[in-house]
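A short write-up of the structure that comes next.
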Amino acid sequence: MAKSKSGQGTPATVALTKAGMPFTTHAYEHDPAAKSYGLEAAEALGLQPEQVFKTLLVEVDGKLSVGVVPVDKQLDLKAVAAALNGKKAAMADPAAAERITGYVVGGISPIGQKRPLPTVVDASATDHETVYVSGGRRGLDLGLSPADLIKLTSARTAPIAR
């Protein structure tokens, strides 16, 4: 099992291990001055940005939800609202995102959050054999199959990136 700096697995690695889903861990030295956590991860790990996904919390009609999109794209708020049968979406407050997920911004994983939230994974994830998402802390990404990501997060897929 993957170990974090504290010697313990993150909630994301624990959830994957408990579910019996195969995954790989990819640690890198996080630069606090990095402008984009996701692009930093892709570059540090030598991965294509369209294969590395960021986890964004949004409020859809006042309820928190999760959008997972490639790090080189932006979340289309109208598309994520539509995918969740909502009318209006806005980015969630970062402090609320941390409180609800149990992760810090820049290390929010779609996996192993404190409580499950409605999740939409950009449809482009299924174009790849392996996708990479935050492992639950800055400087740690996890590689897994898109099917396992979707299954474990009970996500739906939709074109939500622009």
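The values are calculated or read from the model by the stated rules, or taken from the named source; none is laboratory data. A quick note: this is a predicted structure, and the numbers were derived from the prediction, not measured. For neighbour counting, all protein chains shown are included, and Cβ atoms are generated from backbone atoms with ideal geometry for every residue, glycine included. These area figures cover heavy atoms from the full protein model, side chains too; ligands, DNA and RNA do not enter into them. Shrake-Rupley method; radii C 1.70, N 1.55, O 1.52, S 1.80 Å.
Brief remarks on what is shown
- Of the candidates PRO22, PRO70, the single residue that is surrounded by fewer than 15 Cβ atoms within 10 Å (Cβ to Cβ) and either in contact with a Phe, Trp or Tyr (Cβ under 7 Å, 6 or more places away or on another chain) or modelled with pLDDT of 95 or more (or both) is PRO22.
- Test for PRO110: is it within 17 Å of the chain's Cα centre (by Cα), open to solvent by less than 20 Å² (accessible area, probe 1.4 Å) and on the phi < 0 side of the Ramachandran plot: yes
- Filter result for the condition that a residue is open to solvent by 30 Å² or more (accessible area, probe 1.4 Å) and over 19 Å from PRO49 (Cα atoms), over LEU117, LEU152: LEU152
- The criterion of at least 1 residues that are touching a residue at least 60 places away in the same chain (Cβ under 8 Å) and under 14 Å from LEU142 (Cβ atoms) is met, among helices (runs of 4 or more DSSP H) falling completely within segment 1-96, by 11-19, 37-45.
- Residue in segment 121-131 that is at pLDDT 95 or above, in contact with a helix residue (DSSP H, G or I) (Cβ under 6 Å, 6 or more places away or on another chain) and open to solvent by 30 Å² or more (accessible area, probe 1.4 Å) present: yes
- Residue match in segment 89-112 (condition: touching a Lys or Arg at 6+ places or on another chain (Cβ under 8 Å), among the polar types (S, T, N, Q) and at pLDDT 95 or above): yes
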